[in-house]
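Okay, so here's the structure we're looking at.
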Amino acid sequence: MYQPQNLAEVNEVTKAFKEHYNWERPHQGLSCKNKPPRVAFPTLSALPTLPLLRWLLAVDKRRFVRKVQSNGAVQVDKRSYYLGQEWVGKYVNLEVAAEEREFVVWQKDKVIKRLGIKGLIGQALGQAEYLQLIKEEARSEVRQAR
C-alpha cells in the first residue's frame, strides 16, 4: 500500500482515487447497472442549499447578559462588540433580533444600541460552501486551542 509522504502526494493520490472511483470502476448498485457512477449519471442535479440562518431564528428574542469590559466592549461567541466607555463595568442584555440580524442592546429598560451580528453569511450556502466554512472554523478552533 502506497503511503504519501507530504500534502502534495496526498492530493495527487486523492485525485487519482476519485478519478478511478467515479469514472472507471463498475458500481454494482441497481441505479448504476454495473457502470461507473459518472458514466451512469454524466450530469447530476445540484444539491439543495442549506436553510438560511435556521439556527438564528431558533434563538430569536433570546437575551444574553454580559458585563462591559474595561475596553468598552462585550464578548459574544468569541467576537467583540463595542458599546462605549460610558458602559464599562455595567451589565447589559443583548437580545437577538433574527430578522434584522442584530443584537438589540438593553441597559435596564432602555435600548442603548443596535449591533449587527458578526460572522453571518448573507445568503443560503450550497453544501460544498457550507462544508468549507465549517472546516475553516474548525481549523481556527484548533489554532486558538494551541
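Miscellaneous remarks
- Helix 7-23 and the longest principal axis of the C-alpha atoms of the chain enclose an angle of approximately 60°.
- Distant alpha-carbon pairs in the chain (separation over 21 angstrom), percent: 66
- Between 0 and 90 degrees, the angle of helix 127-145 with respect to the longest Cα principal axis of the chain falls at about 60 degrees.
We did not get these values from a lab; they are worked out from the coordinates using the rules stated. Note that the coordinates shown come from a computational prediction; the quantities given were computed from them, not determined experimentally.
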